[in-house]
Amino acid sequence: MSILINSVRISGFRGISNLEISLPKVTVLIGQNNAGKTSIIKALQLALGDYSRYLTDEDFYINSNDESRSEIIVDISIIPIDEESKRTSEFPDEWIEVFEDLVQADIEGNQFVGIRTICEKDIIKGGFKVSRYPLSNWNAFDNWTNNEAKINKKMSKRIDAIPFIAIDAQRDIHQELREKTSYIGKVLSDISFESEDKVALEELIEELNQNAVDKSTVLSELKTHLDLLSQSFEGQGQTEITPFPKKLRDLSKQFSIHFGEDATNSFSMEYHGMGTRSWASMLTVKAFIQILENKHTAEEECFFPIIAAEEPEAHLHPNAQRTLYKQLTDIKGQTIISSHSPYLAAECKLQDLRSLINGREGVQVNSLGDGFSPEDIKKLQRDVMRFRGEILFSKAIILFEGVTEEQLAPIFFEKHFGKSCYSVGVNCVSVAGKNYPPFVKLAYRLGIPVCIVSDNDGTAFAEVSSQIEKIEAEFDSQLLPNVFVVNYLNQGCDIEKELVVHVGLVEELKKALVRLAINGNEHPGYIEAKTREVEQFDNDRLLSELKKSKSGYSGFLAEIISESDKESNELIPQAFIDAFESIREWSVL
């Protein structure tokens, strides 16, 4: 059995006016830049760590009227959990000893520890006052700031058994080796040896220094001249040259780390790239945590670290990001990661994602929640997270039935708006059939607006409409038009028929088929013959050939549309135009 910080509430900190976020054992924070990811980590550091010494006036929330809050409030709730991270009713005895009278019980008898951190500007002395108080209850969120702390029982210190360990986004093992306050610096300062070992090692170092001087003409010459110092002290004294640290206590001052293919082909960290140096820095944090854990275990004391890593993927290639994620989440305690990486996010459980959006109403947090069947979860984990992780970071998503639309939609978007869809955070995604529900439910729960551009042939309209009705029934709500819309192609049309009959891209489609046919074959006679053949196609034959090569022609058609001088409304199906205009109305652009 162990513990978990299961909930954090923040008021008046940086860009956060009022926010509650639930935290699983491993939490991955995602969202656009300036969405509030770092603010949540710093708020936790304020409540549990040492951020108070970095506080500035800019950390106090400023509203739309340019008025600054006078205080920051951060509440944390700590609960007991079992080996499967499920809540239990009582803390283990060893944690009862740690928390003592901080332990409270809710109306159902479930124990918890609530701690409030209040930061205020110190009008008299200047600077800031930071105080912590235990909470006797955990109010509903809509009334949480009125929760009265036990003012007369102000906490005198932090809980040592729950250290907050921050892994900063700007990390570099080469620089940290020179800083005593870094995690590697703290590890090195803890170096110690048994007295007999210390004597033996320093004798070896003395011998090594002597050999180095004796075998070097330059060092020997230098020593001879430096020995002349004794003439200034009436013949007393002797110079000693020590290429290597004389005392073991000085080892950390010249400590270095080398890395390479093997011991004979390794290089100092300063010669490695930022990826290796950043990764090495994070691994030193693991070493630091292990040393802390060993000390607590030796003293039979509780230990539950909170590790917060900002953008651990920085400078790392995708496979390294996946490996690093596993290394971070293997650490004892609770891990909180902020990330912009679809590869790293794809490694986590969907239920561990927390999507942050900084909108008109301030920072908001969204999570998957309930409403997903085990099959939905498997499908999302397999089809979306593994290969479509970038949609988690979208400002809006446009969904289609097939890959043809997926290849054409970005060009349509650029023609319509004069800018790339990716540059404004819009992703175009094929769901491989009419498999819309998992994508829609995921986006809806994470607060990402969604457009569907659906085929309208056969039973497509009835199938998609039925899917949307089921989603609304599962979530017990109507998908609002300001976050969701379905646009259908013309009656009886799939994308090919829409392009031929209603958009009139016959000439462009024939050119695309020719380019597909001659791809790699530049013989003039073949090109001429193929062009004549395709030019003879009527609409029925053209549609038949297009459907035979769905994923083949669309890339060439995208090139042709991109090169076209026609007006955008002459190139784009109306259903796409309607979807793009919905995105414009949602203020995504």
Residue that is surrounded by 13 or more Cβ atoms within 10 Å (Cβ to Cβ), part of a helix (DSSP H, G or I), outside the structural domain of residue 40 (by TED's automatic domain parsing) and hydrophobic (A, V, I, L, M, F, W, C), where the choices are 199, 187:
187
For residues in the range 53-97 being surrounded by 16 or more Cβ atoms within 10 Å (Cβ to Cβ), more than 20 Å from residue 113 (Cβ to Cβ) and not charged (D, E, K, R), which is modelled with the highest pLDDT?
72
Scan the range 118-143 for residues that are under 30 Å from residue 108 (Cβ atoms), surrounded by 14 or more Cβ atoms within 10 Å (Cβ to Cβ) and touching a residue at least 40 places away in the same chain (Cβ under 8 Å) and jot them down.
118, 132, 135, 138
Within the range 316-353, which residues are within 23 Å of residue 80 (Cα to Cα), touching a strand residue (DSSP E or B) at 6+ places or on another chain (Cβ under 7 Å) and part of a helix (DSSP H, G or I)?
328, 329, 352
Given the structure, is residue 550 of a type in the set (D, E, K, R), touching a helix residue (DSSP H, G or I) at 6+ places or on another chain (Cβ under 9 Å), surrounded by 15 or more Cβ atoms within 10 Å (Cβ to Cβ) and within 25 Å of residue 493 (Cβ to Cβ)?
yes
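Does residue 38 meet the test of being touching a strand residue (DSSP E or B) at 6+ places or on another chain (Cβ under 7 Å), modelled with pLDDT under 95 and not aromatic (Phe, Trp, Tyr)?
It is true that residue 38 is touching a strand residue (DSSP E or B) at 6+ places or on another chain (Cβ under 7 Å), modelled with pLDDT under 95 and not aromatic (Phe, Trp, Tyr).
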For the range 537-560, check the following and say yes or no: at least one residue is farther than 30 Å from residue 445 by Cα, of a type in the set (D, E, K, R) and in contact with a Gly (Cβ under 7 Å, 6 or more places away or on another chain).
yes
Going through the range 483-512 one residue at a time, which ones are free of Cβ contacts under 8 Å to residues at least 60 places away in the same chain, among the hydrophobic types (A, V, I, L, M, F, W, C), outside any loop (DSSP other than H, G, I, E, B) and crowded, with 18+ Cβ neighbours inside 10 Å?
484, 486, 500, 509, 512
Report yes if residue 99 is under 17 Å from residue 74 (Cα atoms), assigned by TED's automatic domain parsing to the domain that holds residue 56, of a type in the set (Phe, Trp, Tyr) and in contact (Cβ under 8 Å) with a residue 24 or more places away in the chain, otherwise no.
no
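Among the residues of the range 351-368, are any of a type in the set (A, V, I, L, M), buried (at least 18 other Cβ atoms within 10 Å of the Cβ), under 13 Å from the mean Cα position of the chain (by Cα) and at pLDDT 80 or above?
The answer is yes; a qualifying residue exists.
The values are calculated or read from the model by the stated rules, or taken from the named source; none is laboratory data. Everything numeric here is computed off the predicted structure, so don't read it as measured data. Neighbour counts run over all protein chains shown; Cβ positions are idealised from the backbone, glycine included.
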